[in-house]
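Since the structure comes first, as structure tokens, the remarks are kept for the end.
The values are calculated or read from the model by the stated rules, or taken from the named source; none is laboratory data. None of these values were measured; they are calculated from a predicted model. When we count neighbours, we look across all protein chains shown, and the Cβ atoms used for this are built from the backbone with ideal geometry, even at glycine. Calculation scope for accessible area: heavy atoms of the full protein, side chains included, ligands and nucleic acids excluded. Shrake-Rupley method; radii C 1.70, N 1.55, O 1.52, S 1.80 Å.
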Amino acid sequence: MTGLPEGCDLFTPGHRACGGCGPALAARLLLKATGENVIVVNSTGCMEVFSTPYPETAWGVPWIHSLFENAAAVASGIEAALKKQGRSEKVVCICGDGATFDIGMLCISGAFERGHDITYICYDNEAYMNTGIQRSGATPYAASTTTSPAGACSPGNVRQKKDMPGILAAHGAPYVATASIAYPADFEKKVRRAINTPGPCYIQVHTPCCTGWGFESGETINMAKLAIETGLWVNYEMVNGVVEKAKKVKRKPVEEYLSRQKRFQHLFKPSHRDDLIAEIQKIADANAERFGIDIRSKEPIE
Amino acid sequence: MALRVGCAAPPGKALENKTGTWRVFKPVFDPETCNRCGICAQFCPEGCIRETDEGIFEPDLDYCKGCGICEEVCPKESIRMEKEEK
Amino acid sequence: MLEIMEGSHAVAEIVKRCRPQVIAAYPITPQTHIVEALAQMVADCELDADYITVESEFSALSACLGASAAGSRVYSATTSQGLALMFEVCFNVAGLRQPVVMTIANRSLGAPLSIWNDQQDSISLRDSGWLQLYAEDNQEAVDLHMIAYRVCEDHDVLLPAFVCFDGYVLTHTYEPVSIPTQEEVDAYLPAFNPYQRLDANNPLSFGMYATPDYYMEFRYEIDQAQHRAKEVFAKAGREFAEQFERDYSAPVEGYRLEDADTAILAMGSICGTVKDAIDEMRDAGKKVGLLKIRMFRPFPADEIADALKGVSTVAVLDRNISLGSGGAVGTEVKAALSGSGTAVYDYIVALGGRDIRKKDIAGIVDLAEEGRGDMFYGLRTEVL
Ligand SMILES: Cc1ncc(C[n+]2csc(CCOP(=O)(O)OP(=O)(O)O)c2C)c(N)n1
Ligand code: SF4
Ligand code: SF4
Ligand code: SF4
Ligand SMILES: [Mg+2]
């Protein structure tokens, strides 16, 4: 049906993402999980741009891009149409953190409140990358971006990440999950669960961006893993608003994650900012507390 | 080619864009030490690592951007990034 | 059979018979009666559609876009601030070539906030790629919806359309209208046959981004489709006339223009008042006529020039203003008649629900014949 060469992934090579792009891997894993019977709605951003310069689409499934902020509304319409036509395709949005946390909030809130049978996936690279690394509501505390630059009187981004999963769970979403490209099988499993759960489901997948965060392209997966191992990113599932499963880890100090990224370099040079690093460690500690992810002695792993 | 109404296109067109030309370093796979776990293929953002009929993993150099992810994730250190002579 | 009903309900009745599968709309005065009536029809199983109660106009049109791309006939209605909120989506719907039909219950745009009628809202979207049709009365509003679906969905067009009718003046007015039966509508308007759709059996990427190598060509094609829409509209209008004996096939329509020295140009319900004023002026021996513009996009420049041959003075009534320039219709009519020797004067009138009476029309004709125009008409100078 796709006309793609045999053995070719539904998300094909030839796309123009930077080498080592986390979101590109997420797109590929997403379609591995959904298979062909899906309609994808993509927001404006890196993924849309690197995968569809006319006429070179990398998508082997029906795909639509309308605007930066309206994917959830477009998906609502598609879902309604499919229902009326008695069709079986699953409707999946894949949108950046800017499109999700910030500008698309209205459309997402409406779609989730109305209860459309859609899965909304946010690929979270923690800034507006397509426009040149500006901060978003998903940018972590103290990350330096082009609009939250670190400086003599600024620690970089002054706010913590917005709790989008919590916000959407509060809309009554039956299934909300976080995932990471460092754990492909887990991400794929969550996608399959979401698309097979009736109603609006949300997955936020951590997708490090070598260009925007400032690390070598080969390190993308290492960085995603470290985020989990430090407790700065937690992989969990929420079913009907209740956290059911969170990935447990033997936590490493946040410094191991921070020191390897340019966006946090001002925490180490010219002087070692113990105060800011301690703040970030507190965030990780709070995550660990909230989700109970710490592996203590004698406790079985998951 | 006539434009398609609504800026639309059928699948497969991106395959015409051979991103292998971007590469500076090239992954070299060592079939001797490789344990066929397939982890490299799983993590490649291009999806361009294939298992051949002989059961050997190798990158499609038409598309490999030389990012080095496969080298980093390989548990057997069977992949080496080499500066490519062009 | 003629029935007396409110304009909004008449429109809802015809929309129902056009069988949209998905309706997405957000309430705003004076559009509300249309969408409330449709919601009730869905609730009563009179209309087999999914009515999406979106949280904003922005999402209303976005949802229509998605549903249309998935292969369903869609409908929305809005006005004023709601249409302004849709601005970005409007361009997108046209660019994605989706045949969305949307009723505009014309209303002014704030600030200052005003819920009353003029045509600033739809006219401000003249560059967006949507066809724009303007109804003079509720019968025409009803009929233009059927024609709009036919034209928009034609594979030679594939563009969206605004069917505009004046807020309150028409939406809330009870007039006798003839609502075609379901069988009649079905005979005129075939089931939606999408040119292409989002479909797992034939996957396509929609709305890709265009580099400078392609962007201009895509815009050119939309413009070409607009021009083709004129022919398609004429044909759809002729077939409509054959079936229903009401003829809308012309994009412009003259009233007592034959031997006129001075012509008034207008759009929408104001044409009724103008016709009455013309009758009085004719009785007083003045050679005056009206050219009503039914279709503002595509702009019928040739048809206007043709219809106004032999007229020496034209007075354009603009119920909008491109601030810092002039009325949008006047500007385009001047361009259409440039070099013809006809003098064209523009009058900004009846903004934000300001009344316009027969004697105002006569006053404007006098001004035009004196060579005075390109001005606001009917300002309350005492408050300035
Ligand atoms: C209404 C609107 N505002 C701003 C932009 C410019 N813009 C395009 S993509 C983008 C950022 C995208 O960020 P995100 O959603 O995080 O995706 P990423 O590029 O990081 O993958 C911005 C600001 C736009 N296209 N539309
Ligand atoms: S900037 Fe980041 S997200 Fe964008 S293509 Fe490059 S690596 Fe991917
Ligand atoms: S270097 Fe990167 S692109 Fe090339 S095969 Fe390895 S992971 Fe894939
Ligand atoms: S990851 Fe390493 S060991 Fe596993 S298949 Fe690839 S090359 Fe072989
Ligand atoms: Mg981002």
Simple label model, 7 Å out from Cα along Cβ direction - C:Glu231 to A:Thr147, nm: 4.7
Estimated 222 nm signal from helices in the protein assembly as shown, with DSSP H stretches of n ≥ 4 weighted -39500 (n - 2.57), rounded to 500: -10000 deg cm²/dmol
Principal axes of chain C: Cα extent on each, largest first, Å: 66, 53, 46
Per-peptide average of other Cβ atoms within 10 Å, ordering B:11-22, B:38-49 highest first: B:38-49, B:11-22
Above-threshold pairs, the threshold being 22 Å between Cα atoms, out of A:Lys190/B:Lys26; A:Lys161/A:Lys262; A:Lys189/A:Lys247; A:Lys90/A:Lys161; A:Lys32/A:Lys189; C:Lys287/C:Lys309: A:Lys190/B:Lys26; A:Lys90/A:Lys161
Cβ crowding within 10 Å averaged over residues, with C:216-229, A:206-219 ranked highest first: A:206-219, C:216-229
Net charge of neighbours whose Cβ lies under 10 Å from the Cβ of C:Ile264, counting Lys and Arg as +1 and Asp and Glu as -1: +2
Square roots of five times the Cα gyration tensor eigenvalues for chain A, Å: 31, 22, 18
Full-stretch length increase - C:Ala191, C:Ala284 - with 0.36 nm per residue and alpha-carbon distance subtracted: 28.3 nm
With every protein chain in place, segment C:251-351: carbon and sulfur % of accessible area (1.4 Å): 46
Considering only the protein assembly as shown, percent of DSSP beta bridges that pair antiparallel, nearest 5: 30
Rg ratio (alpha-carbon, reference 2.2 N^0.38 Å) - segment C:84-185: 1.12
Exercise: per-residue mean of other protein chain Cβ atoms within 10 Å, B:64-76: 5
Gap separating the Cα centres of segment C:136-164 and segment C:198-276, nearest whole Å: 8
Cα→Cβ-extended label distance, 7 Å offset, between C:Glu184 and A:Phe268, nm: 7.9
Inter-part distance where segment A:58-78 and segment A:153-184 are each reduced to a Cα centre, Å: 22
Accessible area of segment C:252-383 divided out per residue, in Å², using a probe of 1.4 angstrom: 42
Protein heavy-atom accessible area occluded, A/B pair - total, 1.4 Å probe, Å²: 2600
Ranked packing of C:332-345, A:51-64, most packed first, by mean Cβ within 10 Å: A:51-64, C:332-345
Cα convex hull volume per residue for segment B:1-78 (Å³): 115
Dimensionless Rg ratio for the protein assembly as shown, taking C-alpha atoms and the 2.2 N^0.38 Å reference: 1.10
Net charge of neighbours whose Cβ lies under 11 Å from the Cβ of C:Gly82, counting Lys and Arg as +1 and Asp and Glu as -1: -1
Environment charge of C:Thr331, counting only residues whose C-beta is closer than 15 Å and scoring Lys/Arg +1, Asp/Glu -1: -1
Backbone N within segment A:148-186 under 14 Å of label point (7 Å from A:Lys245 Cα along the Cβ vector): A:176-180, A:183-186
Exercise: per-residue mean of other protein chain Cβ atoms within 10 Å, A:80-93: 6
Distance between segment C:301-359 and segment A:192-226 - C-alpha centres, whole angstrom: 58
